[in-house]
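Here the structure comes first, spelled out in structure tokens, and everything after it is commentary.
The values are calculated or read from the model by the stated rules, or taken from the named source; none is laboratory data. Note that the coordinates shown come from a computational prediction; the quantities given were computed from them, not determined experimentally. As a convention, Cβ positions derive from the backbone with ideal geometry for all residues, glycine included, and neighbour counts pool all protein chains shown.
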Amino acid sequence: MRLALIAVLIMSPLLAQEKPEAEVNPETLAESMRRGVDFLVADQNPNGSWGGPTRTKRLNIYAPIPGAHHAFRAGASGLALAGLIDSGDTRPETIASIEKGAAWMKENLPLLRRADQTTTYNAWGHAYGLRALTRLYKRESDATAKAGWKTLAEQQVELLGRYEDINGGWGYLDVFDGFTSKRPTGITTSFTTATVLLAMAEAREVMGIELSDKTVTSSLASIERQRTPDFSYVYSHDHRMHPRVPINRPAGSLARSQACNAALKSFGEEKVTTEVIETWADRFIEREGFLSIGRKRPVPHETHFQISGYFYYYGIYYFTESVRFLPEARQAVHARKLAEVILFRQEKDGSWWDYPLYDYHQPYGTGYSLMALAWCKPLIANPGEPSDR
């Protein structure tokens with residue numbers, strides 16, 4: 001008991017340093033977003049994409065070449081481009097960067113497929129490609145060009161249907177059952193499925209994309225099967241049999257619950273009440289430190305509650321997707337708290353990143369953060385008005 005008390009006293013000052021203390025107002029938000037935009041503009045590849053298979057380390061996640069990196073680049077580029085557009089930055093260099101990114105999307109998204117039968121990382125590329133396409137469609141004034149973005153989005157939705165797991169929903173690995181098939185039979189994960197569904201829901205809302213009822217129903221059912229009574233969501237379909245291992249407890253589910261609650265709510269699930277969303281929003285802010293402990297660690301799932309670094313900015317962004325369903329006044333309260341965290345975590349170079357993933361981590365982390373700040377900004381400036389997508 002005495003040793004435990006001593007440990008708490010020793011650690012208290014260190015934990016206090018982790019508390020966000022950023023000043024949040026429209027000016028500091030605008031400056032933070034400008035720095036993030038500047039990073040993405042400077043970091044963009046000459047061909048218009050972001051990220052690449054460089055900055056390797058001795059420990060890298062499984063990534064069959066070249067297809068896995070096609071997926072990683074599509075996902076990181078989709079997030080970076082969406083973040084640039086959401087920022088509302090109208091400087092000439094930013095517009096030029098957006099146009100270069102749009103051209104890359106038009107040329108490369110139609111080519112994206114799974115690397116081989118062991119991975120379906122392409123689900124991330126299709127989902128975040130859809131996020132970018134939705135924004136390109138909204139900003140386009142030419143009717144023919146808008147139709148082109150919609151057609152490309154319809155193709156991405158069709159490809160997602162093609163790669164849906166046999167158990168419903170989507171995952172990213174298919175290496176453990178020793179079985180290969182036309183449709184994946186791997187690890188359906190609650191959060192990958194939520195990611196895809198939310199991107200599809202936005203595409204339907206903005207572009208009028210038609211979704212397959214069969215695909216939507218089976219993937220929603222997959223998330224439901226992975227939900228526990230307290231609205232934690234287990235990591236994957238197989239984890240249903242182990243709901244109380246650390247990664248599946250509330251602290252391990254902090255980021256997943258934001259996305260999964262938002263996905264179910266977007267498609268009309270009545271069990272996800274305002275109270276549920278409010279509870280998990282409060283819990284996310286209060287326990288953000290658990291996610292932060294995993295930031296920048298190169299080994300996935302090595303820390304408390306088996307958290308990985310890449311949970312962090314994923315959770316930051318999907319917090320905004322979940323809190324959208326709350327009353328406007330409560331959205332404003334949460335927006336200020338979230339903005340404090342984001343501003344506090346910004347790197348000196350203007351980027352945000354949470355996990356060293358080759359050279360994709362800074363583009364995707366910065367894209368997530370800019371989209372989240374774009375949601376926060378109007379709520380902080382005008383607390384009575386809801387934030388637009």
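Some values worked out for this structure:
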| quantity | calculated |
| --- | --- |
| Residue check, Ala30 within 30 Å of Pro383 (Cα to Cα), out of contact with any Leu (no Cβ under 8 Å at 6 or more places or on another chain) and modelled with pLDDT of 95 or more | yes |
| Some residue of the range 153-173 being polar (S, T, N, Q), touching a strand residue (DSSP E or B) at 6+ places or on another chain (Cβ under 6 Å) and within 21 Å of Phe311 (Cβ to Cβ) | no |
| Residue within the range 62-85 that is surrounded by fewer than 24 Cβ atoms within 10 Å (Cβ to Cβ), closer than 17 Å to Arg113 by Cα, hydroxyl-bearing (Ser, Thr, Tyr) and more than 16 Å from the chain's Cα centre (by Cα) present | yes |
| Candidates Lys57, Lys100, Lys138, filtered to the one that is in contact with a Lys or Arg (Cβ under 9 Å, 6 or more places away or on another chain), farther than 24 Å from Asp213 by Cα, charged (D, E, K, R) and touching a residue at least 40 places away in the same chain (Cβ under 8 Å) | Lys138 |
| Filter pass, Gly268 being assigned to a loop (DSSP other than H, G, I, E, B) and surrounded by 23 or more Cβ atoms within 10 Å (Cβ to Cβ) | no |
| Filter pass, Arg295 being modelled with pLDDT of 95 or more and basic (Lys, Arg) | yes |
| Thr217 vs. criteria of a type in the set (S, T, N, Q), within 27 Å of Leu130 (Cβ to Cβ) and either out of contact with any helix residue (DSSP H, G or I) (no Cβ under 8 Å at 6 or more places or on another chain) or assigned to a loop (DSSP other than H, G, I, E, B) (or both) | yes |
| Within the range 36-140, helices (runs of 4 or more DSSP H) holding 3 or more residues that are of a type in the set (Val, Ile, Thr) | 92-108 |
| So Ala263, is it small (Gly, Ala, Ser) and under 16 Å from the mean Cα position of the chain (by Cα) | yes |
| From the options Thr120, Thr144, Thr134, residue that is out of contact with any Ser or Thr (no Cβ under 6 Å at 6 or more places or on another chain) and modelled with pLDDT under 95 | Thr120 |
| Enumeration of residues in the range 164-178 that are touching a Lys or Arg at 6+ places or on another chain (Cβ under 9 Å), farther than 19 Å from Ile61 by Cβ and either free of Cβ contacts under 8 Å to residues at least 24 places away in the same chain or surrounded by fewer than 24 Cβ atoms within 10 Å (Cβ to Cβ) (or both) | Ile166, Asn167, Gly168 |
| Members of the range 234-251 found to be over 19 Å from the mean Cα position of the chain (by Cα), in a loop (DSSP other than H, G, I, E, B) and surrounded by 15 or more Cβ atoms within 10 Å (Cβ to Cβ), listed by number | Pro243, Arg249 |
| Criterion: surrounded by fewer than 17 Cβ atoms within 10 Å (Cβ to Cβ), in contact (Cβ under 8 Å) with a residue 60 or more places away in the chain and not aromatic (Phe, Trp, Tyr) - qualifying residue of Arg336, Arg330 | Arg336 |
| Any hit, the range 280-293, residues being on the phi > 0 side of the Ramachandran plot and surrounded by fewer than 24 Cβ atoms within 10 Å (Cβ to Cβ) | no |
